[in-house]
């Protein structure tokens with residue numbers, strides 16, 4: 001491996017998220033196990049003694065907005081602190097505590113003899129914003145449970161899109177850039193060894209693209225970046241025959257099949273997040289209680305524990321702010337007192353669960369298969385071996401006109417455009433800025449990969465990725481779309 005430097009998490013006062021792409025690729029592309037089978041001082045979990053498990057992830061995000069002094073880019077969290085009288089901005093410090101508290105909860109539970117587990121998903125915007133605000137208390141709290149080997153068995157970080165871009169409407173060439181930027185930025189904060197351990201992916205808003213080309217490029221990018229599995233929502237996938245997933249299939253790993261409009265296929269392991277009121281379910285530790293109702297399942301003749309998987313915003317709402325700490329501790333104390341947390345129903349992290357199954361002889365090729373919802377309707381009409389982009393697009397167009405239940409987003413700025421209606425004033429500029437960025441830099445980067453270390457590239461990439469932040473779409477017309485217009489203006493100014 002090339003010597004990887006210790007990176008500062010700021011570069012030219014911007015997030016350090018580009019410049020070392022080939023070195024990052026070497027770090028993440030490995031097949032070494034992540035979770036040791038034993039935790040010092042405890043008996044190793046035996047698959048024979050585990051009936052079911054639950055895996056919970058917390059998602060955290062604050063967008064970057066151009067509202068600082070003289071229009072500087074700042075975190076929305078900083079804006080909340082500076083304008084406490086607006087809306088629910090008085091929650092700024094409770095939010096900050098939520099971003100920090102896992103770094104306090106996990107060590108306390110471990111000291112109390114518990115076996116806690118948590119998966120963490122922080123957007124790049126948020127991590128950068130915490131650094132901009134000088135919140136070392138939060139970052140150091142997270143470093144403790146990320147970099148201290150004593151706590152690594154209990155905590156798993158999930159990768160995500162750097163600026164919380166929803167994948168179906170992210171320009172296809174930028175999917176890889178978003179994923180790489182997050183990995184690079186994470187390594188600059190927590191180090192290369194911590195990044196080596198990040199093997200699961202959490203998509204913003206849990207959106208799964210169902211356009212064949214977007215999904216294929218998404219899975220291709222994830223695999224290129226060393227990811228082994230991703231989270232998907234149960235209603236965003238279907239069986240290869242076009243049905244919803246059978247009940248039991250939701251509680252074991254699936255193999256997500258991605259076939260593009262030229263008939264090429266890729267697959268990746270998916271853990272299924274079941275439906276429900278996410279924040280309430282996770283805050284009240286409902287996945288633990290659901291897991292207690294599950295039986296073992298068989299995969300290729302091997303009995304394995306079922307897994308209940310959930311993700312929720314880690315800071316939004318009173319139930320997450322106030323009830324979660326109470327129930328988080330209560331459940332882990334109960335598990336410790338009943339079985340030491342190592343048998344019966346136990347807590348897992350995603351990669352740990354998958355590694356346990358494989359160590360028990362399960363072949364991932366034997367996992368049940370699924371595909372993105374509505375794809376069956378396309379492949380019903382086209383023989384995949386005869387597929388062409390033109391034929392696929394013609395079928396999609398026809399289905400949109402004849403089937404009111406059919407929806408398909410994605411494949412942006414390839415030969416096929418399919419933007420989300422009603423947000424053209426954000427999405428069209430997003431596409432234009434992306435095109436301008438790639439027209440300027442793709443050939444330059446090919447000629448000289450080191451150009452990604454230079455300030456002008458870093459600055460242009462920042463605005464391209466920031467404009468894709470989901471908040472500018474989901475929070476309606478008005479102030480948030482004005483922010484997007486300003487980011488677009490500055491990005492085009494830099495590129496010209």
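Residues that are more than 23 Å from the chain's Cα centre (by Cα) and at pLDDT below 95 number at least 2 in the following helices (runs of 4 or more DSSP H) confined to region 429-496: 479-495. Per this entry, residue 116 is not counted among residues that are surrounded by fewer than 19 Cβ atoms within 10 Å (Cβ to Cβ), closer than 28 Å to residue 229 by Cα and modelled with pLDDT of 95 or more.
When we screen 203, 209, 153, 168 for residues that are within 22 Å of residue 55 (Cβ to Cβ), in the same structural domain as residue 232 (by TED's automatic domain parsing), surrounded by 24 or more Cβ atoms within 10 Å (Cβ to Cβ) and out of contact with any strand residue (DSSP E or B) (no Cβ under 6 Å at 6 or more places or on another chain), the only hit is 203. Scanning region 336-349 for residues that are crowded, with 21+ Cβ neighbours inside 10 Å and farther than 17 Å from residue 297 by Cβ returns 341, 347, 349. Got at least one residue in region 12-22 being more than 15 Å from residue 182 (Cα to Cα) and either modelled with pLDDT under 95 or crowded, with 20+ Cβ neighbours inside 10 Å (or both)? Yes: one or more hits. Of all residues in region 230-244, those satisfying the criterion of being in contact with a helix residue (DSSP H, G or I) (Cβ under 6 Å, 6 or more places away or on another chain) and either more than 21 Å from residue 381 (Cα to Cα) or modelled with pLDDT under 95 (or both) are 233, 234. Residues in region 171-222 that are at pLDDT 95 or above and at positive phi: 191 only. Within region 60-72, can one find any residue that is part of a helix (DSSP H, G or I), in the same structural domain as residue 307 (by TED's automatic domain parsing) and crowded, with 19+ Cβ neighbours inside 10 Å? No, that holds for no residue. Listed by position, the helices (runs of 4 or more DSSP H) enclosed by region 83-135 that each have at least 1 residues that are free of Cβ contacts under 8 Å to residues at least 60 places away in the same chain, within 22 Å of the chain's Cα centre (by Cα) and within 23 Å of residue 282 (Cα to Cα) are 92-100, 102-111. Put simply, of 284, 262, 297, 275 the only residue that is without any contact (Cβ under 8 Å) to a residue 60 or more places away in the chain and surrounded by fewer than 16 Cβ atoms within 10 Å (Cβ to Cβ) is 275. The condition of being in contact with a helix residue (DSSP H, G or I) (Cβ under 6 Å, 6 or more places away or on another chain), surrounded by 22 or more Cβ atoms within 10 Å (Cβ to Cβ), closer than 18 Å to residue 118 by Cα and without any contact (Cβ under 8 Å) to a residue 60 or more places away in the chain does not hold for residue 312. Among the residues of region 93-113, those that are under 14 Å from residue 316 (Cβ atoms) and surrounded by fewer than 18 Cβ atoms within 10 Å (Cβ to Cβ) comprise 94, 97.
The values are calculated or read from the model by the stated rules, or taken from the named source; none is laboratory data. All of these numbers come straight from a predicted model, not from anything done at the bench. Quick reminder, even Gly has a Cβ in these numbers, built from the backbone with ideal geometry, and neighbours come from all protein chains shown.
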